[in-house]
Amino acid sequence: MLGKRRALGKELKDISIGDSYSETKKMGDRDLLLYLGLSNDANPLYLQHDYASLTDYKKPIVPSVMLFGMISSIVSMHLPGPGSHITQHEMTFPNPVYHNMNVQFLIKVIAIDHHNQRVAMSVSGTDQEGNEVVKGKLYVCPVCKPNTLTAQSLENFF
């Protein structure tokens, strides 16, 4: 991906209240181990069955920050898409997510602030059993496409 040009996502003018995107992601062991390795997180609640079995969770869970990372990926890849940036978030994680569960994420535009060039989005996530596992709100700066001679000339080189 480095060095490769990507099409940009939606600009503020192309976003409407009610726009939404939904995606189901599996919380696979491979992804979990990659995340934990990158973050250097060795919390036994995420990895050790013997420890987790002694907690209220009864088995290892997926870190909530990993769930947020998946939400961030949906924002930066789909709605508004590449070039956008989350500036603020408010999240709760009412129920745990266990290894190898599927989670369906839904983000939806609920307000547009033209003056500050940002959108508010609701976020929800449910596991395969219908339990709510994430709920919240994001504020996102959508794509700002530069409209300068320099930016236009760079189009010829990618």
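The values are calculated or read from the model by the stated rules, or taken from the named source; none is laboratory data. The structure presented is a predicted model; accordingly, all values stated were derived computationally and were not measured. FYI the Cβ positions are ideal-geometry reconstructions off the backbone, even for glycines, and counts take in every protein chain you see. Just the protein is used for accessible areas: all its heavy atoms, side chains included, with ligands, DNA and RNA removed. Shrake-Rupley method; radii C 1.70, N 1.55, O 1.52, S 1.80 Å.
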Compute from the Cα atoms of the range 17-65 the Rg and the Dmax, the latter being the longest Cα-Cα distance, and quote both in angstrom.
-> 14.1, 47
Any idea what the dipole of the chain comes to, in debye rounded to 20, about its Cα centre with Lys/Arg Cβ at +1 and Asp/Glu Cβ at -1?
-> 440 debye
Lysines near K137 by alpha-carbon distance under 30 Å, same-chain residues fewer than 8 away left out - which ones?
-> K10, K13, K25, K26, K58, K59, K108, K145
Carbon-plus-sulfur fraction of the accessible area of the range 1-149, 1.4 Å probe, in percent?
-> 51 percent
If the viscosity is 0.692 mPa s and the temperature 37 °C, what translational diffusion coefficient in µm²/s does Stokes-Einstein give for the range 37-78 when Rh comes from Kirkwood over Cα pairs?
-> 285 µm²/s
In a Debye calculation with equal point scatterers on the alpha-carbon sites of the chain and no solvent, what is log10 I(q)/I(0) at q = 0.14, 0.20 Å⁻¹?
-> -0.78, -1.22
Using θ = phi - 60° and the Karplus relation 6.51 cos²θ - 1.76 cosθ + 1.60, list the HN-Hα couplings for the range 126-136 in order, rounded to whole Hz, with x at every Gly or Pro.
-> 10, 7, 5, 9, x, 7, 6, 10, 8, 8, x
To the nearest Å², the heavy-atom accessible area per residue of the chain with 1.4 Å probe amounts to 61 Å²
By accessible area with a 1.4 Å probe, ligands and nucleic acids excluded, highest first: order of K25, K10 | K10, K25
Distance in Å, no decimals, from the C-alpha centre of the range 18-41 to the one of the range 77-98 is 11 Å
As a check on your grasp of the helix formula, calculate [θ] at 222 nm for the chain: sum -39500 (n - 2.57) over DSSP H runs of n ≥ 4, divide by the residue count, round to the nearest 500.
-> -6500 deg cm²/dmol
